[in-house]
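Chemist: Let me give you the structure first, and then I'll get to my questions.
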Amino acid sequence: MLSPKSQSIIALLFLGILFAGANIWFAAARSTIPLELNGIVTHAQRLIEKTPGVDDVYIVTLDSDRHIQVDGPVFNALAPHQSVNKHAWTRIITIDGRDISLVWSPDFRGMLWAMPLTLAVCVFVGMMAVERPLPIADESLSEPEPSSELD
């Protein structure tokens, strides 16, 4: 049976894997490559973050009331009242009858190496924490205190 410390470390590693996978998925979904899209664009909104033009958030709403966050190039290709058609996992999006090629974003490509590297570091630190025994406070192991008696 695993110690409570080992169980906690394994649970934290599992959460790390879950969050890293989610991070990769959401970065991929912004490219719309893994998504299926069918409908009319009703609203397109750019939310400006700390560094305008660098870390902005782009939200597109379809007539099905579906809100999706997209990358800048996808956002720039879309406008309200345009029809959108795209099959899941294809790299072609059809906007008002014209095909546009999609590419994976730099964010997604960065996540593909950053998240596994982060997880490797977490696993290494977790293994080091499991291997290292907790210090036990035991007064019998401490050095004796000098005598204060005068001879």
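Chemist: Where does helix 106-131 land angle-wise versus the long Cα axis of the chain, in degrees 0 to 90, nearest 10?
Modeler: The answer is roughly 20 degrees.
Chemist: By how many nm would the segment from ARG98 to MET1 lengthen if fully extended, with 0.36 nm per residue of separation less the alpha-carbon distance?
Modeler: 28.9 nm
Chemist: Additional query: Within segment 23-49, find all residues whose amide N lies under 19 Å from a label point positioned 7 Å from the Cα of TRP89 along Cα-to-beta-carbon.
Modeler: Label zone hits: 24-38.
Chemist: Another question, if that's okay. Dipole of segment 35-102, Cα-centred, from +1 at each Lys and Arg C-beta and -1 at each Asp and Glu C-beta, to the nearest 20 debye?
Modeler: Working: 6 positive and 9 negative charges, 19 e Å.
Magnitude of the dipole: close to 100 debye.
Chemist: Which listed residue (ALA114, ILE95, ALA29) has the Cα farthest towards the positive end of the charge dipole for segment 29-132, taking +1 on Lys and Arg C-beta and -1 on Asp and Glu C-beta about the Cα centre?
Modeler: ALA114
Chemist: Over segment 35-102, what is the relative contact order in whole percent, taking alpha-carbon pairs under 8 Å and six or more residues apart?
Modeler: 33
Chemist: Pairing the Cα long axis of helix 4-30 with the longest principal axis of the chain, what angle in degrees results, from 0 to 90 and rounded to the nearest 10?
Modeler: For helix 4-30, the angle is close to 20 degrees.
Chemist: About the Cα centre of the chain, how large is the charge dipole given +1 on each Lys and Arg Cβ and -1 on each Asp and Glu Cβ? Please answer in debye to the nearest 20.
Modeler: Roughly 1280 debye, rounded to the nearest 20.
Chemist: Now a separate question. Please work out how much length the chain gains when fully extended from LEU12 to LEU119, using 0.36 nm per residue of separation minus the C-alpha to C-alpha distance, in nm with one decimal.
Modeler: Using 0.36 nm per residue and subtracting the Cα-Cα distance, I get 37.4 nm.
Chemist: Tell me which label goes with the value of volume of the Cα convex hull per residue in Å³ computed from the coordinates here: (1) 188; (2) 208; (3) 122.
Modeler: (2)
Chemist: Can you order the peptides 104-112, 45-53 by their average number of other Cβ atoms within 10 Å per residue, highest first?
Modeler: Per-residue Cβ counts within 10 Å, averaged per peptide and sorted highest first, yield 104-112, 45-53.
Chemist: Under 8 Å for C-alpha pairs, at least 6 residues apart: give me the relative contact order for the chain, rounded to a whole percent.
Modeler: 25
Bear in mind that the values in this text are calculations on the coordinates, not laboratory data. In this text the structure is predicted, and so the values were computed from the model without any measurement. Cβ atoms come from the backbone with ideal geometry, glycine included; neighbour counts cover every protein chain shown.
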